[in-house]
Amino acid sequence: MANYQSILSIKVQHEYYNSFKDELAPFDIIADENTENLFRQYSILAKSKPGTIQLVVETELFNDLAALTEEFNLTFYLVSTDSVVRSITEMPNAFDIANINAEFTQSNTMKISVENWINSSQFHEITQHDGTTIYNKNLMGILSIHIPKQLFNLDKKSITLQFNTVSTYWKYYFCSLNTKSSINISGTSGIESAFTEQDNERILNQTARVFISDKSMPLMKSGAESFSLLSDKKTIIKSLPIPDANNISTLLVDGSMRLTSHIYVVCN
């Protein structure tokens, strides 16, 4: 009876989504044409789901083929399936593509922080893959894997890729706030957070009191710290909403461009 075993797993993580335990990033991991040809040649089964892929082999057949192989090279496209991924990922330029090289040398486990980016102009505008069109706006990275002969065996290998999130200035708009008293934003640490009140703004025919953070903060799907709105040390809103990844823009503030999250709060 044939025996099957996983020889390689790839996981994609992202700081924004990792704020929930064990949550993987919304990526499809797609083998390029040459890699798919190798899968057929080595009878490798690719089992994938969002954020991860596993390569499974029939052990006896694989051992025979591995003995004849000098090196093994794979290439995968990392394609985002959530439209906000590109806008919340830390990269030098808006449409850069991560160039990731994973070479096994001694350890069978690799954790790679994605920090090497290439301008998208260095790639074709559209990449064709078995009738599927991958546009640059969805193509976040290309992963190249090299396994030398001495490590090309049945030992389970794993690669974890870590994308970093952007930091934004948090701008709160408090609408229908029935108080003219002094108010402030406080964090769970008990220390008054660094938010400064700005001039009022008109939002949907309402006057909104506006606060903006004095520094940028990492954008997370689930906030590590909760903020409250206080008036004379009395709580008006116990837990303020955190930024929505879909509501970010760049503002010119004091002569510099700042990535800003807009957070609208209706007060009763």
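Only the coordinates and a few stated rules stand behind these numbers; no lab work does. Worth saying up front: this structure is predicted, and the values here are computed from it rather than measured. Positions of Cβ are backbone-derived with ideal geometry, glycine not excepted, and every protein chain shown enters the neighbour counts.
Things worth noting here:
- Global geometry of the stretch 167-266, whether rounded, prolate or oblate, following the gyration tensor of its Cα atoms and the 1.5 cut on a/c: oblate
- Per DSSP, loop GluC sites (Glu not before Pro) in the stretch 1-89 with at most 14 further Cβ within 10 Å: Glu70
- Only helices enter this figure: runs of n ≥ 4 DSSP H residues, each worth -39500 (n - 2.57), summed and divided by the residues of the chain, yield -2000 deg cm²/dmol at 222 nm to the nearest 500.
- Magnitude of the charge dipole, the chain, Cβ model with Lys/Arg +1 and Asp/Glu -1, debye to 20: 1060
- Placing unit charges on each Cβ (+1 for Lys and Arg, -1 for Asp and Glu) gives the chain a dipole about its Cα centre, and among Ser6, Thr165, Ser186 the Cα reaching farthest toward its positive end belongs to Ser186.
- Among the chymotrypsin sites (Phe, Trp or Tyr not before Pro) within the stretch 16-56, those in coil by DSSP and having at most 12 neighbouring Cβ atoms inside 10 Å are Phe20.
- Applying the criteria of a DSSP loop state and at most 14 other Cβ atoms within 10 Å to the trypsin sites (Lys or Arg not before Pro) of the stretch 1-105 yields Lys21.
- The residues neighbouring Leu161, those whose beta-carbon lies less than 10 Å from its own, together hold a net charge of +2 under the Lys/Arg +1, Asp/Glu -1 convention.
- R0 of 25 Å, Cβ-Cβ distance Gln206-Asn247: FRET efficiency to nearest 0.05: 0.90
- Charging the Cβ of each Asp and Glu at -1 and of each Lys and Arg at +1, and nothing else, the dipole of the stretch 167-266 about its Cα centre rounds to 220 debye.
- Each peptide in 203-209, 214-220 gets a packing score, the mean of other Cβ atoms within 10 Å over its residues, and the list from highest to lowest is 214-220, 203-209.
- Selection from Asn37, Val79, Leu65 lying farthest towards where the dipole of the stretch 23-84 points positive, charges on Cβ: Val79
- Val84/Asp64 FRET efficiency (R0 41 Å; Cβ-Cβ; nearest 0.05): 0.35
- Projected onto their three principal axes, the Cα atoms of the chain cover extents of 79, 37, 29 Å, largest first.
- Theoretical FRET efficiency, 1/(1+(r/R0)^6), r = Cβ-Cβ of Lys234 and His146, R0 51 Å, to 0.05: 0.25
- The stretch 195-221-the stretch 70-111 distance, computed between alpha-carbon centres (Å): 35
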